[in-house]
Every structure is written in C-alpha cells, then in structure tokens.
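Peer 1: Below is a structure I'd like to ask you about.
The values are calculated or read from the model by the stated rules, or taken from the named source; none is laboratory data. A quick note: this is a predicted structure, and the numbers were derived from the prediction, not measured. We place every Cβ from the backbone using ideal geometry, glycine too, and count neighbours over all the protein chains shown.
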Amino acid sequence: MRVLRVALEVPVAKLFDYLCDASVLAEVGDRVVVPFGSRERVGVVVDAVDGSSVASARLKDVTRVLEGAPRLPADWLEQMRFLAAYYQRPFGETVAGALPPRLRSLKALPKRKPPIEGDPGEPARFVAGPAPNEAQRQAIERIRAAFGSFRTFLLHGITGSGKTEVYLRLIAEVVARRQQALVLVPEIGLTPQLEARFRHAFPQARIAMLHSALEDTARTHAWLDAARGEAQIVLGTRLAVLTPMAKLGLVAVDEEHDPSFKQQEGLRYSARDAAIQRAKLAGCPVVLGSATPSLETWQNARAGRYELLPLPERAVPGAKLPTVRLVDLRNESAEHGLAPSVVEAVRARLAGGEQSLVFINRRGYAPVLACDACGWAAGCSRCSARLVLHSADRRLRCHHCGAEEPVPRACPTCGNVDLRPHGRGTQRIEEALAGIFPEARILRIDRDSARKRGELARTLAGVSRGEGDILVGTQLLAKGHDFPNLTLVCVLNADSALLSTDYRSAERLFATLQQVGGRSGRREQPGEVLVQTRFPGHPMYQALMRHDFAGFAASQLAEREAAGFPPFVFEAALRAEAKRLADTMAFLKAAARLVPVPESVKVYDPVPHVITRRAGYERAQLVVQSHSRPALQAFLAEWNAALPAAAPRGIRWHLDVDPIEFD
Ligand code: ADP
Ligand code: ZN
Ligand code: ZN
C-alpha cells in the first residue's frame, strides 16, 4: 500500500496520510489537492511510505496534483524539515508558510511569462564597474576558490568600501557558470537603488525580486522564475531564502547584522542563519557582508568557522571616513534639543550648499504629554506605555498597539489646561530647525511621512539628487542610500539606547551610528558626524570615534562571555500573555517544571516584559540557556511537545529560538 504523507497548513505538528490512485501519479514534492474535513485543501507531499498507522479503510485519496509549478525539490524539503525542527514549529505550517499565497491556493497559477528572447548565453553579459582594488581582488579570489563547495565568508567593510562591487563580480561568474545567485537584503522597499544597480550591471539577466510588499501575481512570477532556475539572480528580503532554487551557486547576505532578518512571528527564523544552512545544502559559498557584523558572526569568524575578508578602506579613490566628534552636553546646553555647535555646523553646510542630516530615532512630536501641576501623563489604556504626541493632526498615538485619541483640552485629573510636551521626536526637531533656519528646505523622513507605498523611495531619490537642505529622520534614513551631497550627520538622542536593559543595545547603537555616519561624505567631500551625548567617555562612543569595530566587538564579547550571554551560550525564550499577569506568570512557572531539565540546560525564572501590558495583554517570558546547541534543541523538542496540553485557555504563548528582541 503506497501512502503519501502530506503537509497541510494546520497548527498541529503532524503530517496527514493519503492514498494515491494510480491515475493521480503524485510524487514527493508535488502540490496536491486533498479532502480534509468537509472541504478541499492544498498540501505538499513530503514523503511516500509503505503503510500508515491509520486504518486503511479510513484513508482518503489524493484528489489531484496541481500543475504549473516545478515539483518542490528534495533540498528544499530538507531545508523546511530543518527549520521546522530547529524553530519548533509544525512541519506542515512551515512548508505552507514558505510558499507564496497563490501556490497554496486552489486558484490557477498565472500564465507563464514568455522567455526572454535572444542568445541564451547572453544573460551573463556583465557591465563591469570600477576595477577592483587590492582588498576587493583578494576577497573575490578567496570566494571564487570556494565555488562548488560550502564555505562561509564574512566580508567586513564599512559603507562605501565596495562590498556590493564584490557581490556583483562574483555573481557575474555565477551567472556565466549558468548557476543562480541569491542575494538577501534587509528591506528591499527601501533600496530601489540596489535593484537599479543590479539591473544596470546585468542588463539581460532575469532578476527575480522577492519581498512581502509585492502584490500576489508579481510575487508568484518571481517565485516561479526562481524555482524553475530561469531567474539568474534572486534579490529579496528574508522570505527569499525560503524559495527553491534549482541551480543555486552563491548566496550573499548584505547587512547580515540587521535585526529585520529575524522573523518575529510564526516561524521565527533567522534568514541569515537559514541562508547559511541553505548554502550548506546546495554546496555553495555564502558571503555575509557588513560594516558592523553581529557579534555572533564576528565570534564565528574569530573562531575560524567563517573566513574573514576585510575591506578596510572606502573604495572611491580619495573618499575618506567621516570624522566623528562628540558634542558634550554637560558643557553645551542644548536649546530645543540642538546644541549650539550642532546648529553652527548645519549653518555652515547651508552656506556651502551641502546637505545635513539630523538623526533622531523617535518619530512624532514628543514622547510624553504631561501636566506639570499634578504629574499626570497621557498613557495608553491598553499598554503600560506613554502615548506619543503627534503635532500634524493633534493626536496622541500608542507606538506599541496603534491606539490613538485626540489631545485632551485639559488634564483629566486636575483640570489644568496647560498640558506640556516633554522630550522630542522628529516633528518637534523639524519645527525647531524651521525656526532657526527659515530659509532652509527641511525634509522630515520617518514612518509617518512615508506612509504610502513608493513615497519613501521617491523622497530618497530626490535627496540623492540634492533635494532638501536639512533632513530630519529616523532609522529609515540609515540604510543603503547614497546621498552624494550630504556632508554632515548630527545624532541627537543616542544616549537613551545606552541606558536600555537589553544587552544587545550597545551593539545595535554602534551599528546604527556607523551606518548613519556612512551616509555622509561618500564622494570627494569629507563627511562629519556630530554625536550629542552626556557620556562622551563611554567606550562605545570612543570606539565609534576611532572607527574601531574590532576593538568595540572585543570589549562587548568579553562582557558577554563574563556574563554568560550569547554567542557564548545558546538561548530560547518562552513568551506568554494573558489578560491577567498572575495567569501569565502561573503558566510560565508551571511550564518551567513541565519536563525534566537536563544538567546542561538552565531554565531561568519568568520575568514580565519591560512594557508588561500591550494591547490589553500582560506579557512575561522565561529564558532557557545551554552551552550545547544539541542539548538545548533536544530539551526544546520535548518541551514544545508537552506545552500545548499544559497551556490553559486564555493563554497565548510561543517559543522563540535564538531570540533577539526582549522588550
Ligand atoms: P558598499 O557596498 O561597501 O557600501 P559599494 O560597492 O556600493 O560599497 O561601493 C561604494 C562606491 O564605491 C560605489 O559608488 C562604487 O561604484 C565605488 N567603488 C567600488 N569599488 C571601487 C573601486 N575598486 N574603485 C573605485 N570605485 C569603487
Ligand atoms: Zn493635572
Ligand atoms: Zn497601546
């Protein structure tokens, strides 16, 4: 009896057995339609076996095989199996979640696009950029030598050191070998410049773009192009790593340290780690690129597991690193959030016709609206958080749950009508700058100013062409854009990150500041970075001034090792939420004793989140650690199997393996 094991999109950790009529001819990797309950569902055949634990009389037949897409290959199924096991998610859900919506629906697939006409040898046509410098040449040489085998490289170079040029030259060779290249980037919606650069370098190649903002048909086409081996280059965000690629020859992960590579719901996978696993399965090299590698990656390079390829200088001849200066707020008092030397530096750029960027990682007008008479402050009724004042439409918004309300006319506790904003966000800084420089064109760039799709890309393209004298922006501005006329970056409230309880906050701040600083002085004009701070002696700032990532990383790693944090231990978090904190804590306490904990695994006490209540739920988590990844994995598998039965109604919970967010 031939039985097919089918993965279905249902939240149970099991596969479903079906019989297969001789007329249906379903094989492992096929997408099939099967009867399930009272309706039909689409699933993927993941195994074919000789018998079933279900009585044969109760087994149903596969209805039909879905046509139009290539059969899912064995290495892809292997990757899904690995991800499901590693991140403790049901296999069926993992398989289904990795497919674009159209491929898991009963709807017919869109018609195949006609192949690009012309000589099939042509896709390899490569419009080469500048001749590589010595460091680039060595990097290319080392990676090329690994073609056809699995090896992990860390391409460590500051912004503008020519990492993208290295990827392009390697991809040219991969395409010439008639193989495919996979390039992962943090947020593709923000990097149309990168797509344009790839299209310019490979005018005749088929480039499949894959990210979550694509509409259904475009995403389906891109996925099919990649899976059929017809797209020579697949460029996308984290989900692109889940695409089958018939002829994978090279994987590149740009800005590998970026937190957006970790999915924060469902299958909480790290696309960076999945990319490495993927390259291993495909037997090809993988290149991780970053100016500020994650400490996990840096430690792997130090330990010799990854090969370090440094690009120590900016690639454009004559281009220099920006000068980083600290503005000591203990000596200079900042008016409207801006220290006098910051104002003067902006004034000098205005006079010289150059652009300045004022960076503040907080959108809105002010993070607090308070009554100075009685101490009341506007808070969210659903979260343990303050409401942020937005000036454009005079609303208070919760940045944690999205709730919003009008600004009250008077204090609800004492009736005082003089409510005051405290602290600053982008809107308030924009207002202050407009007051100081009435003649300047000021552009604010944050998630509020760029709500509509495509708007951000348009604004950024304008900035690249020199539009705007002063830019006020958040993290959105930090990534990947080339602003040739920008020569000054002013960082306003960096200190707040240093006061955070998250052990990763210094690492993140260093990366952000290095990245923001990298926006300046990419061409002939040298750039300058001014950082306002009350802690100018802090080692993080000192390292930033020296552009000393290695020194910074060494000190952070020493601290992590002493404190027993990753990458020196492996971690998972069990998070839970309920309407009452007591219920959340009771569940976590019971969960901690649910299965025997081996000696090599440590289960910590549950603790509430810093922002305990969010959207009406009280949240807490407990951390599990081990020095041994296999030991942790074995424990998690057993635990995860027991948890569903142990969770009372009203509790929502999930496991996060290798978590990076703890707030
Ligand atoms: P990264 O990806 O590290 O930020 P890029 O590859 O984008 O760096 O290079 C930054 C700039 O330097 C680009 O304008 C690129 O064309 C230029 N560039 C790269 N390599 C060289 C080189 N060897 N000689 C001259 N210019 C180069
Ligand atoms: Zn009051
Ligand atoms: Zn809220």
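Peer 1: How many residues are over 13 Å from Gly157 (Cβ atoms), out of contact with any strand residue (DSSP E or B) (no Cβ under 9 Å at 6 or more places or on another chain) and not charged (D, E, K, R) when one looks only at the stretch 320-333?
Peer 2: Residues flagged as over 13 Å from Gly157 (Cβ atoms), out of contact with any strand residue (DSSP E or B) (no Cβ under 9 Å at 6 or more places or on another chain) and not charged (D, E, K, R) within the stretch 320-333 amount to 2.
Peer 1: Check off (1) within 16 Å of ligand 2 (Cβ to nearest atom); (2) over 12 Å from Gly337 (Cβ atoms); (3) of a type outside the set (D, E, K, R); (4) not in a loop (DSSP other than H, G, I, E, B) for Ala434 and give me the number that stays unchecked.
Peer 2: (1)
Condition check ((1) in contact with a helix residue (DSSP H, G or I) (Cβ under 8 Å, 6 or more places away or on another chain); (2) of a type outside the set (A, V, I, L, M); (3) in contact (Cβ under 8 Å) with a residue 60 or more places away in the chain) across all residues:
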residue: Val407; (1), (2), (3): no, no, no
residue: Ala410; (1), (2), (3): no, no, no
residue: Thr413; (1), (2), (3): no, yes, no
residue: Val417; (1), (2), (3): no, no, no
residue: Arg444; (1), (2), (3): yes, yes, no
residue: Ser449; (1), (2), (3): yes, yes, no
residue: Arg465; (1), (2), (3): no, yes, no
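Peer 1: I'd like to verify a number: residues in the stretch 19-42 that are modelled with pLDDT of 90 or more and either in a strand (DSSP E or B) or among the β-branched types (Val, Ile, Thr) (or both), how many?
Peer 2: Qualifying residue count for the region: 12.
Peer 1: Specify the residue that is nearest to Ser381 (Cα to Cα); the eligible residues are those in the stretch 574-602 that are aliphatic (A, V, I, L, M) and surrounded by fewer than 19 Cβ atoms within 10 Å (Cβ to Cβ).
Peer 2: Of the residues in the stretch 574-602, the ones aliphatic (A, V, I, L, M) are 574, 576, 578, 581-582, 585-586, 588, 590-592, 594-595, 597, 601.
Keeping just the survivors that are surrounded by fewer than 19 Cβ atoms within 10 Å (Cβ to Cβ) gives 581-582, 586, 590, 592, 594-595, 597.
Values: Leu581: 16, Ala582: 19, Ala586: 24, Ala590: 29, Ala592: 31, Leu594: 34, Val595: 37, Val597: 39 Å.
The extreme case among them is Leu581.
Peer 1: Next question, about the same structure. Hand me the list of strands (runs of 3 or more DSSP E) wholly inside the stretch 561-636 holding 2 or more residues that are out of contact with any strand residue (DSSP E or B) (no Cβ under 9 Å at 6 or more places or on another chain). Quick ask: steps written out before the conclusion?
Peer 2: Numbers: elements: 570-578, 601-603, 607-614, 617-626.
Qualifying strands (runs of 3 or more DSSP E): none found.
Peer 1: Can you name every residue in the stretch 354-371 that is under 25 Å from Asp495 (Cα atoms) and within 16 Å of ligand 2 (Cβ to nearest atom)? Break it down stepwise before answering.
Peer 2: So in the stretch 354-371, the residues under 25 Å from Asp495 (Cα atoms) come out as 355-370.
Within the stretch 354-371, Val368, Leu369, Ala370 meet the criteria.
Peer 1: Where in the stretch 315-429 are there strands (runs of 3 or more DSSP E), lying fully within it, with 1 or more residues that are within 16 Å of ligand 3 (Cβ to nearest atom) and under 35 Å from the mean Cα position of the chain (by Cα)?
Peer 2: On the way: elements: 323-328, 355-359, 368-371, 388-390, 395-397, 404-406, 419-422.
Ranges flagged: 368-371, 388-390, 395-397, 404-406.
Peer 1: Checking Pro322 against (1) closer than 30 Å to Gly402 by Cβ; (2) within 16 Å of ligand 1 (Cβ to nearest atom), which single condition isn't satisfied?
Peer 2: If we test Pro322 against (1) closer than 30 Å to Gly402 by Cβ; (2) within 16 Å of ligand 1 (Cβ to nearest atom), just (1) comes out false.
Peer 1: I need the full set of residues from the stretch 612-634 which are within 16 Å of ligand 3 (Cβ to nearest atom) and loosely packed, with under 15 Cβ neighbours inside 10 Å, in order please.
Peer 2: First, the residues of the stretch 612-634 that are within 16 Å of ligand 3 (Cβ to nearest atom): 612-619.
The answer is Ala615, Gly616.
Peer 1: Only residues that are surrounded by 15 or more Cβ atoms within 10 Å (Cβ to Cβ) and touching a strand residue (DSSP E or B) at 6+ places or on another chain (Cβ under 8 Å): list them for the stretch 417-433, please. Even if it seems obvious, please write down each step before you answer.
Peer 2: At the first step, the residues of the stretch 417-433 found to be surrounded by 15 or more Cβ atoms within 10 Å (Cβ to Cβ) are 419, 421, 423-433.
Leu419, Pro421, Gly423, Arg424, Gly425, Thr426, Gln427, Arg428, Ile429, Glu430, Ala432, Leu433 - these are the residues of the stretch 417-433 that are surrounded by 15 or more Cβ atoms within 10 Å (Cβ to Cβ) and touching a strand residue (DSSP E or B) at 6+ places or on another chain (Cβ under 8 Å).
Peer 1: Residues to consider are Ala373, Ala403, Ala366; find the one that is closer than 29 Å to Thr533 by Cβ and more than 16 Å from ligand 1 (Cβ to nearest atom).
Peer 2: Numbers: Ala373 fails: closer than 29 Å to Thr533 by Cβ; Ala403 fails: closer than 29 Å to Thr533 by Cβ.
Just a single option satisfies the conditions, and that option is Ala366.
Peer 1: In the stretch 635-653, what count of residues is obtained for those that are touching a residue at least 24 places away in the same chain (Cβ under 8 Å) and surrounded by fewer than 18 Cβ atoms within 10 Å (Cβ to Cβ)? Spell out how you get there, then give the answer.
Peer 2: Step one: of the stretch 635-653, the residues touching a residue at least 24 places away in the same chain (Cβ under 8 Å) are 635-643, 646-648, 650-653.
Imposing the further condition that a residue be surrounded by fewer than 18 Cβ atoms within 10 Å (Cβ to Cβ) reduces the set to 637-638, 641-642, 646-648, 650, 652.
Residues flagged as touching a residue at least 24 places away in the same chain (Cβ under 8 Å) and surrounded by fewer than 18 Cβ atoms within 10 Å (Cβ to Cβ) within the stretch 635-653 amount to 9.
Peer 1: Here's a follow-up. Test Arg58 against the stated conditions and say whether it is among the charged types (D, E, K, R), out of contact with any Asp or Glu (no Cβ under 6 Å at 6 or more places or on another chain) and surrounded by 14 or more Cβ atoms within 10 Å (Cβ to Cβ). Step through it out loud before you land on a result.
Peer 2: Details: among the charged types (D, E, K, R): yes; out of contact with any Asp or Glu (no Cβ under 6 Å at 6 or more places or on another chain): yes; surrounded by 14 or more Cβ atoms within 10 Å (Cβ to Cβ): no.
For Arg58, the condition - among the charged types (D, E, K, R), out of contact with any Asp or Glu (no Cβ under 6 Å at 6 or more places or on another chain) and surrounded by 14 or more Cβ atoms within 10 Å (Cβ to Cβ) - is not met.
Peer 1: So Leu182 fits all but one of (1) within 24 Å of Ala301 (Cβ to Cβ); (2) among the hydrophobic types (A, V, I, L, M, F, W, C); (3) within 14 Å of ligand 1 (Cβ to nearest atom); what number is the exception?
Peer 2: (3)
Peer 1: Oh, and also: Just one of (1) within 26 Å of Pro438 (Cβ to Cβ); (2) surrounded by 15 or more Cβ atoms within 10 Å (Cβ to Cβ); (3) at pLDDT below 95 trips up His390, so point out which.
Peer 2: (3)
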